[in-house]
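One structure below.
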Amino acid sequence: MSNFISSFVSKVFGSKSDRDIKEIGPVVALISAEFEKLQSISHDELRARTLDFKTRIKAHTSGVSSEIAALKLRIEQEPDMDISDKVDIYDAIDKLGKQENELIEEVLKEILPEAFAVVKETARRFSTLETIEVTATDADRELAAHKENVVIKGDK
């Protein structure tokens, strides 16, 4: 009897898997479109996309981040501040922190298709190319000091 009910419910509402696929289908289409665009860009341009994501996140949260920094600075600059005032400021910082997290979530949802496509294209390149040559950064120089497979020649 329970098989019949479960079968009937699945036919009417669809299975969990079907609903999940239907929900993520549009996102997958956006990722695929972004992925197609990335195949023709250089390694350095692909790498720069990550910096662009960081810049977009920072720009989206800059107002709230500035408010948080100002409140923290106020606490540091006024060591003799009344404890109840400090509590009020810390409560405000907590509220702003939650707001900042919500803003980060907004922008992450916005960049998700692009970011996933960048990861997918990067993985494709690492799996199909024997070497990947990019302009060396300070982080690359640090890696090269500790990893044999990271080699720097000149500025590449």
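The values are calculated or read from the model by the stated rules, or taken from the named source; none is laboratory data. Note that the structure is predicted; figures quoted are calculated from it, not measured. Here the Cβ positions follow ideal geometry from the backbone for every residue, glycine too, while neighbour counts run over all protein chains shown. Surface accessibility is based on the protein's heavy atoms, side chains included, excluding ligands, DNA and RNA. Shrake-Rupley method; radii C 1.70, N 1.55, O 1.52, S 1.80 Å.
Here are the numbers for this structure:
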read-out: Complete set of residues in the stretch 116-143 that are open to solvent by less than 70 Å² (accessible area, probe 1.4 Å), in a helix (DSSP H, G or I) and without any contact (Cβ under 8 Å) to a residue 40 or more places away in the chain; value: ALA123, ALA139, ASP140
read-out: The stretch 26-40 residues that are under 14 Å from ALA123 (Cα atoms), paired with ones that are part of a helix (DSSP H, G or I) (beta carbon under 7 Å, 6 or more apart); value: PHE35/ALA117; PHE35/LYS120; PHE35/GLU121; LEU38/LEU46; LEU38/ALA117; LEU38/VAL118; LEU38/GLU121; GLN39/GLU121
read-out: Single condition GLU76 does not satisfy, out of (1) open to solvent by less than 40 Å² (accessible area, probe 1.4 Å); (2) of a type in the set (D, E, K, R); (3) over 22 Å from the mean Cα position of the chain (by Cα); value: (1)
read-out: Selection from the stretch 105-146 of residues that are under 28 Å from LYS58 (Cα atoms) and among the acidic types (Asp, Glu); value: GLU105, GLU106, GLU110, GLU114, GLU121, ASP138, ASP140, GLU142
read-out: Residue within the stretch 79-88 that is in contact with a helix residue (DSSP H, G or I) (Cβ under 8 Å, 6 or more places away or on another chain), part of a helix (DSSP H, G or I) and open to solvent by 60 Å² or more (accessible area, probe 1.4 Å) present; value: no
